[in-house]
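Here, each number is a calculation from the coordinates, and none is a lab measurement. Note that this is a predicted model, so its numbers are computed, not measured. Positions of Cβ are backbone-derived with ideal geometry, glycine not excepted, and every protein chain shown enters the neighbour counts.
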Amino acid sequence: MRAIFVQIKCEMGQAYRVAREAADTIPEMSELFSTSGQYDLLGKFYLEADQDIGLFVTERVQTLPGVKDTYTLIAFNAFSGGERGA
């Protein structure tokens, strides 16, 4: 599995509707956050290694009613906090 992050710009007043629709219809979605700035939502999706990212974004995310634009980031590695040595 690999993670991708998709920033989603929505039509005016549609961010919560888009978020609900994504949560209900996209099983690859791990988390979806409302954000401030240029984009309204930030989604974290886990795709199979052989799954086509472009096809996933264009067919599953961009086709959600109320989506105006997207910006996709591909993640290479995940890092997390933990104990730190002295």
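So the values come out like this:
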{"quantity": "Candidate set: the range 23-42, residues that are of a type in the set (Asp, Glu) and assigned to a loop (DSSP other than H, G, I, E, B); chosen: the one farthest from Glu11 (Cα to Cα)", "calculated": "Glu28"}
{"quantity": "Residues satisfying the stated conditions in the range 72-86, i.e. outside any strand (DSSP E or B) and within 15 Å of the chain's Cα centre (by Cα)", "calculated": "Ala75"}
{"quantity": "Index of the failed condition, Phe45 passing every other in (1) closer than 13 Å to Val6 by Cβ; (2) assigned to a loop (DSSP other than H, G, I, E, B); (3) touching a helix residue (DSSP H, G or I) at 6+ places or on another chain (Cβ under 8 Å); (4) of a type outside the set (D, E, K, R)", "calculated": "(2)"}
{"quantity": "Residue selected from the range 27-43 under the condition surrounded by fewer than 16 Cβ atoms within 10 Å (Cβ to Cβ) and in contact (Cβ under 8 Å) with a residue 24 or more places away in the chain, by the criterion nearest to Tyr71 (Cα to Cα)", "calculated": "Gln38"}
{"quantity": "Search result, residues across the range 48-71 that are outside any strand (DSSP E or B) and β-branched (Val, Ile, Thr)", "calculated": "Ile53, Val57, Thr58, Val61, Thr63"}
